[in-house]
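One structure below.
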Amino acid sequence: MPDSRYAEVYADWQRDPEGYWARAAEGIDWDRRWDRVFDPALGPYGRWFVGGMMNTCANALDRHVTAGRGAQAALIWDSAMTGRVETFTYAALRDRTAKVAGALRALGVGKGDRVVIYMPLVPEAAIAMLACARIGAVHSVVFGGFAAAELVKRIEDAQPVLIICASCGLEPGRVVEYKPIVDAAIGLSAHKPGACLVLQRPQAVAAMVAGRDHDFAEAEAAAEPADPVSMAATDPLYILYTSGTTGKPKGVVRDCGGHAVALQASMNLIYGVHAGDVYWSASDVGWVVGHSYIVYAPLLAGCTSVMYEGKPVGTPDAGAFWRVCAQHGVRALFAAPTALRAIKQQDPDGKLLAMHDLSKLDTLFLAGERCDPPTAIWAAEVMKIPVVDHWWQTETGWAITAGFRGLGLFPVKPGSGGRASPGYDVQALDDDGKLVARGTTGNLVVRLPMPPGAAPTLWRDDDAYRAAYLADYPGWYRTGDAGVIDEDGDVSIMGRTDDIINVAGHRLSTGAMEEVLAAHPAVAECAVVGAADDLKGQVPLGLVVLKAGVDIDEAVVVRELVALVRERIGPVAAFRDARVVKRLPKTRSGKILRASIRRIADGQPANAPATIDDPAVLDEIGAVLQPKG
Ligand code: COA
Ligand code: AMP
């Protein structure tokens, strides 16, 4: 490992956290300097850069144009789905964003209003987000793989004045019509947004509702450009709903100032890139990785961000990622382990990779789910570059632990998510809140306060934030992940301690799926667990007990349950496997032993607690799950 400056920088932060962040804040243009770097009296644990005023969109676009980077590419849209590539310079992206911001304003959107965005990976999705930021509207992007019912939950909670959508998304082999999903969601929602701005894609032109729907291109063309609005550092920039342990998603809030400071700083610190470098995060704007590392961070840092509409395999083959990296001169690639596993399955020897010039690519970053060491080792061998795993969550907005390309601390040990980022004091606690010894698995926590960029609260619900993250271990933020910190301080993430699973890097709630299964008229009770999967890391597996006296063929009920989850949550849930069982394993107090079910599904010993009501149930479950292996 090259000589590392990590220890020095981490110690610098530990010595004087406020001084550290005040220096990082010099990387952002402020309309008004903050009064206090951190005020512990505000919100659930405090707020950053209180009194400071700035605009995130101006920092992401205008200031680079002013600084002479107007002709540099800001965004390269590479659509394997349509065979098109479009490049937007900083000047062009600023101009389009200003016009769309003007269009939003003309439709009555003002500072503090919410705007839901339901779009595939098209440049207009980034433009829509930045346009909201420009006029101080709070965007809430919903991933396109979610069904209408999930969209309804988000519309009812965020109460948007307007929805921006595209007519369709493009999945391999099918056109997914988004607009009918939006129409259905508005129909079902108790809250009715006043207007929709619809981007018509030629693959499926949407029917418009007169008086409510407006054509994106026409509205943009007719609009007066809008200037950036000065925002308080503590104003919300966006809400991103993420899966919690129940069917109600959590509205994670991101503020303006701290977010811009942390993200801008992370680009060099973690990813080792600078203004002018090409950076590609192969994610979707519907997830936090897409918010932070397709849109905001690369632009705040003056990089060129690649937005890729396609898959790692099948569009057209397992060489797609390497083609994109070579064609656009990508320097740092950020992808989900699932994508690498998919490529490895189809091109284990890297033959397709060898056909491309990857000389500019210097690091692969992985996150979103646990990366199995064989995949990390394979990637390093075929790509011949360092592979850096890093661990983060929607709530934190940037990496809690990482390898630090900009500080010379890379790669990280295979299986480890790296070391704590400056800003995070990460520890492992036992269930009683005591620190565990190094090398012992514990509940991973972060000492409060959380750093800039991390969510200050949940949307209009400080109490829910406290209950979800702060109540279990006073003085600490509960990450919900279990893990081990070794003698070097390297953190390995073992998995969630709650009912959240990670399917192909997508965060999903088993509780939400259980709510759907329980709604089937034949189902008496059910459990959904995340079973290990070679490609997607985890896939949901449902076990259902039928109501007494119900006479229905198992294959029929399973088909109906699979269809129901797809209809209510969406295809992204990838719920394809359910089994009928006579009873579920429970403790004597009636708690379902989901962890034991998961272990049985993975072919491991059930490790049921002593409080199990009837151990014989475990054998029954084992027999039912056996045929799958
Ligand atoms: N809009 C509508 N539907 C979508 C969608 C979107 N934006 N994204 C996914 N879906 C659908 C897919 O079409 C698929 O539908 P199907 O059941 O009809 O086939 C379903 O949701 C599951 O999709 P996906 O998880 O992509 O699985 P897949 O089998 O189609 O592809 C991989 C497998 C490995 C190629 C894919 O999971 C992948 O690229 N994973 C990486 C994910 C990633 O980068 N995550 C980053 C998060 S930080
Ligand atoms: P999300 O909020 O969608 O980003 O999902 C966050 C969760 O994904 C975390 O709580 C972890 O369970 C998991 N996760 C993210 N990154 C990693 C990683 N590098 N290693 C292991 N798990 C990860």
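The values are calculated or read from the model by the stated rules, or taken from the named source; none is laboratory data. All values reported here derive from a predicted model rather than from experimental measurement. Neighbour counts are summed over all protein chains in view; Cβ atoms, including those assigned to glycine, are modelled from backbone coordinates with ideal geometry. Ligands, DNA and RNA are stripped out before the accessible areas are found, and what is left, the full protein with its side chains, is counted by its heavy atoms. Shrake-Rupley method; radii C 1.70, N 1.55, O 1.52, S 1.80 Å.
Scanning region 388-428 for residues that are buried (at least 24 other Cβ atoms within 10 Å of the Cβ) and β-branched (Val, Ile, Thr) gives VAL388, THR396, ILE400, THR401, VAL412. Pairing each residue of region 460-483 that is free of Cβ contacts under 8 Å to residues at least 40 places away in the same chain with any residue that is away from ligand 2 (no atom under 16 Å from the Cβ) and open to solvent by 60 Å² or more (accessible area, probe 1.4 Å), provided the two are 6+ apart or on different chains, yields no C-beta distance under 6 Å. Inspection of region 508-518 finds no residue satisfying the criterion of being within 26 Å of LYS250 (Cβ to Cβ), surrounded by 17 or more Cβ atoms within 10 Å (Cβ to Cβ), assigned by TED's automatic domain parsing to the domain that holds VAL253 and within 13 Å of ligand 2 (Cβ to nearest atom). Residue count for region 429-441 under the criterion of being touching a residue at least 24 places away in the same chain (Cβ under 8 Å) and either open to solvent by 10 Å² or more (accessible area, probe 1.4 Å) or of a type in the set (D, E, K, R) (or both): the result is 5. Can you pull out the residues in region 44-66 that are touching a residue at least 24 places away in the same chain (Cβ under 8 Å) and out of contact with any Phe, Trp or Tyr (no Cβ under 8 Å at 6 or more places or on another chain)? Across region 44-66, the qualifying residues are ASN55, CYS57, ALA58, ASN59, ASP62, ARG63. Based on what the data block shows, is ALA128 of a type in the set (A, V, I, L, M) and surrounded by fewer than 24 Cβ atoms within 10 Å (Cβ to Cβ)? Answer is no for this residue.
Tally the residues that are without any contact (Cβ under 8 Å) to a residue 24 or more places away in the chain and either surrounded by 15 or more Cβ atoms within 10 Å (Cβ to Cβ) or charged (D, E, K, R) (or both), restricting the search to region 9-39. Spell out the reasoning first.
Initially, region 9-39 is screened for residues without any contact (Cβ under 8 Å) to a residue 24 or more places away in the chain, giving 11, 15-16, 18-19, 22-23, 26, 33, 35-37, 39.
Adding the requirement that they be either surrounded by 15 or more Cβ atoms within 10 Å (Cβ to Cβ) or charged (D, E, K, R) (or both) leaves 15-16, 18, 22-23, 26, 33, 35-37, 39.
Of the residues in region 9-39, 11 are without any contact (Cβ under 8 Å) to a residue 24 or more places away in the chain and either surrounded by 15 or more Cβ atoms within 10 Å (Cβ to Cβ) or charged (D, E, K, R) (or both).
Scoring PHE365 on the criteria (1) more than 15 Å from ligand 1 (Cβ to nearest atom); (2) buried (at least 22 other Cβ atoms within 10 Å of the Cβ); (3) not in a helix (DSSP H, G or I) leaves a single failure, condition (1). For region 475-491, the set of residues classified as surrounded by 22 or more Cβ atoms within 10 Å (Cβ to Cβ) and farther than 14 Å from THR245 by Cβ consists of TYR477, GLY483, ILE485, VAL491, listed by residue number.
Say we look at region 446-471 and pick out the residues that are within 15 Å of ligand 2 (Cβ to nearest atom) and in a loop (DSSP other than H, G, I, E, B); which of these is nearest to ASP16 (Cα to Cα)? Across region 446-471, the extreme among qualifying residues is MET450.
Do the conditions hold for ALA379, that is, is it modelled with pLDDT of 95 or more and within 15 Å of ligand 1 (Cβ to nearest atom)? Quick ask: steps written out before the conclusion?
Values: modelled with pLDDT of 95 or more: yes; within 15 Å of ligand 1 (Cβ to nearest atom): yes.
So ALA379 passes the test.
Of all residues assigned to region 561-581, at least one qualifies as being more than 26 Å from VAL176 (Cα to Cα) and not charged (D, E, K, R). Taking the condition of being among the basic types (Lys, Arg) and within 30 Å of ILE493 (Cβ to Cβ), how many residues in region 537-593 meet it? Selection size over region 537-593: 6.
Note on region 336-371: residues that are within 16 Å of ligand 2 (Cβ to nearest atom) and either over 19 Å from ALA297 (Cβ atoms) or touching a Ser or Thr at 6+ places or on another chain (Cβ under 8 Å) (or both) total 10.
Being under 21 Å from VAL288 (Cα atoms) and among the β-branched types (Val, Ile, Thr) is the filter; apply it to region 492-521 and report the residue that is nearest to ligand 1 (Cβ to nearest atom). For region 492-521, the residue satisfying everything is VAL503. Candidates are the residues of region 264-312 that are surrounded by fewer than 24 Cβ atoms within 10 Å (Cβ to Cβ) and charged (D, E, K, R); the one that is nearest to ligand 2 (Cβ to nearest atom) is LYS311.
For region 599-608, the criterion of being in contact (Cβ under 8 Å) with a residue 40 or more places away in the chain, over 19 Å from ALA531 (Cβ atoms) and away from ligand 2 (no atom under 16 Å from the Cβ) is met by no residue.
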